[in-house]
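These notes are about the structure you will find just below.
The values are calculated or read from the model by the stated rules, or taken from the named source; none is laboratory data. Quick caveat, the model's predicted, so the values are computed rather than measured. So basically every Cβ, Gly included, is an ideal-geometry build from the backbone, and we count neighbours across all protein chains shown.
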Amino acid sequence: LIYKPADDLSLYASFSETFTPRSGEQFANINGDNERLDPNTFTNYEVGVKWNIQDRFSLSLAAFQIEQESPVVSDIDNDRFDIIETETRGLEAQLEGHLTDNWHITAGYSYLDGEQANSDNTPREQPQNTFSLWNSYTVNEKFGFGLGLIYQDSSFADNSNNTEIPSYVRVDASAYYKVSDSLKVQLNVENLLDKDYFPSAHSANNITVGAPINATLKVTKTF
């Protein structure tokens with residue numbers, strides 16, 4: 001449902017029920033009584049507002065609650081799955097627009113408060129706070145650059161909350177140059193400060209390591 005009390009303001013509310021089927025290694029062992037073939041199920045309630053502020057900024061705010069039931073890899077036996085029910089309440093905010101004619105920013109923040117049914121444990125891979133900021137600056141018609149960061153709170157790699165994934169800050173950068181109206185060269189650099197970080201985890205003994213400093217050079221030609 002969407003309601004527009006003004007041309008630059010929208011209020012909305014939504015409800016959804018979705019599911020994701022079993023796949024991949026989740027079929028490694030389908031014996032037993034843990035309903036291993038059942039899908040992940042999600043119920044989502046959300047309300048929010050979107051506001052265009054004086055043609056220079058746009059602001060989005062949302063509050064939501066997600067109820068999830070899913071078979072996940074057991075913390076005790078990787079060949080077994082446990083049925084985990086979780087409930088997560090959260091807030092999201094995003095601000096986008098121009099500070100000056102040449103300086104554009106995008107900032108986002110989210111807050112998550114989740115718990116597993118019948119326990120005080122936090123769902124795995126659920127940081128309480130995340131924040132992102134991206135700045136892009138146009139120097140002239142040919143050259144521009146960008147700089148931003150991503151922050152993520154600590155979280156847990158397992159549903160038992162015994163293994164913690166530390167918080168991290170990652171800095172990224174970019175620059176482009178228009179050689180001509182039809183040729184553009186762009187350089188994107190990820191993890192500019194070459195920090196060690198762990199963005200996600202599959203289980204307590206399978207934690208993803210973030211890539212070290214890396215760059216991508218892109219050349220675009222239009223005809």
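Checking each residue in region 152-199 for being touching a strand residue (DSSP E or B) at 6+ places or on another chain (Cβ under 9 Å), assigned to a loop (DSSP other than H, G, I, E, B) and farther than 30 Å from Ile83 by Cβ picks out Ser182, Asn191, Leu192, Leu193, Lys195, Asp196, Tyr197.
If you filter region 145-184 down to residues that are among the aromatic types (Phe, Trp, Tyr) and closer than 18 Å to Pro127 by Cα, you find that the one that is modelled with the lowest pLDDT is Phe156.
For region 95-106, the count of residues that are among the small types (Gly, Ala, Ser), within 16 Å of the chain's Cα centre (by Cα) and at pLDDT 95 or above is zero.
Asp101 meets each of the listed conditions (1) assigned to a strand (DSSP E or B); (2) within 30 Å of Lys178 (Cα to Cα) apart from (1).
Filtering region 204-219 to residues that are in contact with a Lys or Arg (Cβ under 8 Å, 6 or more places away or on another chain) and surrounded by 12 or more Cβ atoms within 10 Å (Cβ to Cβ) leaves only Gly210.
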